[in-house]
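Presented below is the structure to which this report refers.
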Amino acid sequence: MNTLNWQDDHLTILDQTLLPHKVEYVKQTNIEQMRETIYQLKVRGAPAIGVAAAYGCLTGLKALTHLPLTEFKEIFTKQAEILRAARPTAVNLMRSIDLMVQRMQSSQATSSSALYDDLVAEATRIHQEDIDLCQRIGDAGAALIKDGTSILTHCNAGALATTGLGTALAPLYVAHNNGLKFKVYADETRPLLQGARLTAFELRNAGIDVTLLCDNMAADLMSRGGVDLVIVGCDRVAANGDTANKIGTLGVAILASYFKIPFYVACPSSTIDFSAPTADYIAIEMRDPDEVRSFNGTFSAEREVQAYNPAFDVTPAALITGFITEKGIITAPYSQNLRTNFYHGH
Ligand code: MRU
């Protein structure tokens, strides 16, 4: 099941808010719709948002290739900036927009239609890069999984969060394909239930042994020796290794530290932000309090009650056993080791 498809001149997105009950692809026809698609989490997960934004900023532009080049560039730049602001935390979004704008600036195209083709080529390159990174993370992380290992994950950092195998779930898919038998626990991940709706769904469909639990059950499970290993994804990793990921990840990391369980973050280099020295420089998205007061339109709390709803939290680098990356497993000191392996600036 593809997270998204680029066909001819338009993007279709699997509407993940309808999963697991309904599989529906929605054609993106204008940039406002595309921005809402990202904001409403119809496409979500840092790498998938990045690929969706790369194609997404081209929404509707094929029909405008008759315009003069300067005008076409202005419209493209406006569209790119609209998507850049759709969600603030996953750095893959800003990275993709930066790459697309850089491609526009460096293109030698002398017509709007030639520039459009260059931009489609860049989006396709970003898409292929994501697929490759996922596979390499899967290969690197599979070594952590043995027959009988019991793995806990939070949110959804699987195939549905990327355009490939996933990040946190990629090692599980590789281990499964290698014939290993292991057990996965999926935190349901309140308030939007990405664990229940997406992780449990995609792992079960793949024939992997998965058990769903409420977020507040992880401590009990760990205290009984039920978890050997935690693997989660990330939305932005600061230069020192501090990691923003789905709200609740910090709690899992603290529990893992208390119970001495290895805690790994699966991290494609596209999610590392060297311009953020520490997590203090990472913007954390605050979302509509109704997401906490209700689910799917049904209120479980009084509509008037105040509700706290950060979409992400920060796990300090000190709680992370290692990063599973496309270049293998990176351990502390992170400031040094992330930079040595992944920094391409000056
Ligand atoms: O709000 P979401 O569903 O976009 O949050 C997703 C996560 O927090 C994932 O763990 C993260 O983006 C990594 S996905 C490979």
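Overview of values
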item	result
Within segment 172-201, tally of residues that are in a helix (DSSP H, G or I) and among the β-branched types (Val, Ile, Thr)	2
Qualifying residues in segment 147-166 (those that are farther than 17 Å from ALA200 by Cβ and either under 10 Å from the mean Cα position of the chain (by Cα) or polar (S, T, N, Q) (or both)) - the one nearest to the ligand (Cβ to nearest atom)	THR162
Candidates LEU180, LEU172, filtered to the one that is surrounded by fewer than 22 Cβ atoms within 10 Å (Cβ to Cβ), closer than 26 Å to LYS260 by Cα and not hydroxyl-bearing (Ser, Thr, Tyr)	LEU180
Matching option when the condition is more than 14 Å from the ligand (Cβ to nearest atom), under 19 Å from LEU250 (Cα atoms) and of a type outside the set (Lys, Arg), among ALA266, ALA317	ALA317
Of all residues making up segment 305-346, the number that are loosely packed, with under 14 Cβ neighbours inside 10 Å, of a type in the set (A, V, I, L, M) and in a helix (DSSP H, G or I)	1
Leading residue by the ranking (surrounded by the fewest Cβ atoms within 10 Å (Cβ to Cβ)) among those in segment 237-265 that are in contact (Cβ under 8 Å) with a residue 60 or more places away in the chain and among the charged types (D, E, K, R)	ASP242
Hey, VAL51 hydrophobic (A, V, I, L, M, F, W, C) and surrounded by fewer than 18 Cβ atoms within 10 Å (Cβ to Cβ) or not	no
Qualifying residue in segment 160-168 (condition: out of contact with any helix residue (DSSP H, G or I) (no Cβ under 9 Å at 6 or more places or on another chain), in a helix (DSSP H, G or I) and at pLDDT 95 or above)	no
Inter-residue pairs, beta-carbon under 6 Å, first without any contact (Cβ under 8 Å) to a residue 40 or more places away in the chain and in segment 34-46, second more than 10 Å from the ligand (Cβ to nearest atom), 6+ apart	THR37/ILE13; LYS42/ILE13; LYS42/ASP15; LYS42/THR17
Single residue of segment 205-253 satisfying the filter (more than 15 Å from LEU319 (Cβ to Cβ) and polar (S, T, N, Q)) that is farthest from the ligand (Cβ to nearest atom)	SER223
Condition check for SER275: farther than 18 Å from GLY233 by Cα, small (Gly, Ala, Ser) and touching a helix residue (DSSP H, G or I) at 6+ places or on another chain (Cβ under 8 Å)	yes
THR77 away from the ligand (no atom under 16 Å from the Cβ) and either modelled with pLDDT of 95 or more or assigned to a helix (DSSP H, G or I) (or both)	yes
Selected residue [of a type in the set (D, E, K, R), over 17 Å from ILE49 (Cβ atoms) and part of a helix (DSSP H, G or I)] from GLU302, GLU291	GLU291
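Every residue, every condition in (1) more than 26 Å from ASP235 (Cβ to Cβ); (2) away from the ligand (no atom under 16 Å from the Cβ); (3) outside any helix (DSSP H, G or I), yes or no:
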{"site": "LYS42", "(1), (2), (3)": "no, no, yes"}
{"site": "ALA48", "(1), (2), (3)": "no, no, no"}
{"site": "ALA52", "(1), (2), (3)": "no, no, no"}
{"site": "HIS66", "(1), (2), (3)": "yes, yes, yes"}
{"site": "ASP118", "(1), (2), (3)": "yes, yes, no"}
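The values are calculated or read from the model by the stated rules, or taken from the named source; none is laboratory data. Predicted model, so just to flag it, every value in this text is computed and none were measured. Positions of Cβ are backbone-derived with ideal geometry, glycine not excepted, and every protein chain shown enters the neighbour counts.
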